[in-house]
Amino acid sequence: YQAFIPAFQALVQADQRLSVFEWTLSQVLYRHLHANFMARPVVPTQYHSLAGLKPEISVLLTTLARTGNSEPEVARAFAAAASQLPGLALTIVPAEQCTFAELEKVIQKLAQASAKLRRQVLMACAACVSSDNVVRIREVELVRGIADLLDCPMPPLVGRQE
């Protein structure tokens, strides 16, 4: 573990570019390996309502919508996702807020939600990537990573795979 993590980080940083796949793989690897080699703190449930997580959900769904769609299609994908969480009045955030660093913070906070709420958010993610009936590999990779990081089963993704 002590040798693997620095070697893995060097591979990820070799091209000075962080892809969706690299970010997702690194997050999942760190989560599972760290749990086996280091003391893993218990994440207490802090949220029993999605209302307190609106900003985080907006960032997550906007990032996901931007991952698989060109700018004109982002609003449609976001709206499809937001429709799965009625009553929240979610808003699209600026592209500058859709970074891997921000996404990491968002997922850490969402991980503190009850299992039922995490599943609801994940179903909204599935609606986002399936909204155009085309499921791209980078979208699947990101949703799979989010599912793992939120400790939820991967939801079904509907659409033609690209």
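Applying 1/(1 + (r/R0)^6) with R0 = 45 Å to the Cβ-Cβ distance of SER114 and ALA10, what FRET efficiency is obtained, to the nearest 0.05?
0.75
Please report, in debye to the nearest 20, how large the charge dipole of the chain is about its Cα centre when each Lys and Arg carries +1 at its beta carbon and each Asp and Glu carries -1 there.
Dipole of the chain, to the nearest 20 debye: 440 debye.
From the helices alone, meaning DSSP H stretches of at least four residues, give me the mean residue ellipticity at 222 nm for the chain, per-run term -39500 (n - 2.57), in deg cm²/dmol to the nearest 500.
Value at 222 nm, helices only: -19000 deg cm²/dmol.
Kindly report the accessible area of the chain per residue (heavy atoms of protein chains, probe 1.4 Å, no ligands, DNA or RNA), in Å².
Averaged over the residues of the chain, the accessible area is 54 Å².
Along the charge dipole of the chain, Cβ charges K/R +1 and D/E -1, which of LEU150, VAL28, THR67 sits furthest on the positive end?
About the Cα centre, the residue reaching furthest to the positive side is LEU150.
When the chain is fully extended, how far beyond the present Cα-Cα distance does ALA75 get from PHE100, taking 0.36 nm per residue of separation?
Stretched out fully, the ALA75 to PHE100 stretch lengthens by 7.0 nm.
If you stretched the chain out fully between LEU88 and THR45, how much longer would it get, using 0.36 nm times the residue separation minus the C-alpha to C-alpha distance?
Between LEU88 and THR45, full extension yields an extra 13.5 nm.
Given a 1.4 Å probe and the protein chains all in place, what does the accessible area of PHE78 round to, in Å² to the nearest 10?
10
When only DSSP loop residues count, what GluC sites (Glu not before Pro) in the stretch 8-91 have their Cβ near at most 15 other Cβ atoms within 10 Å?
none
Using DSSP to call loops (not H, G, I, E or B), can you name the trypsin sites (Lys or Arg not before Pro) in the stretch 69-162 whose Cβ has at most 13 other Cβ atoms within 10 angstrom?
none
Is the stretch 71-162 rounded, prolate or oblate when judged by the Cα gyration tensor, a ≥ b ≥ c being the square roots of its eigenvalues, rounded requiring a/c under 1.5 and prolate requiring a/b larger than b/c?
Taking the square roots of the gyration eigenvalues as a ≥ b ≥ c, the stretch 71-162 is rounded.
Per the 1.4 Å probe, what fraction of the accessible area of the chain, in percent, lies on carbon and sulfur atoms?
Whole-percent figure for carbon plus sulfur exposure: 58.
Once amide H atoms are built 1.01 Å from N in the peptide plane, which residues 5 or more positions from VAL135, or in another chain, come under 5 Å H to H?
Long-range HN contacts for VAL135: ARG160, GLN161, GLU162.
How large is the accessible surface of ASP15 in square angstrom, using a 1.4 angstrom probe and rounding to the nearest 10?
80
The values are calculated or read from the model by the stated rules, or taken from the named source; none is laboratory data. Just so it is clear, the model here is predicted, and its values are computed rather than measured. Quick reminder, even Gly has a Cβ in these numbers, built from the backbone with ideal geometry, and neighbours come from all protein chains shown. When the accessible area is computed, the model is the full protein with side chains, heavy atoms only, and any ligands, DNA or RNA have been set aside. Shrake-Rupley method; radii C 1.70, N 1.55, O 1.52, S 1.80 Å.
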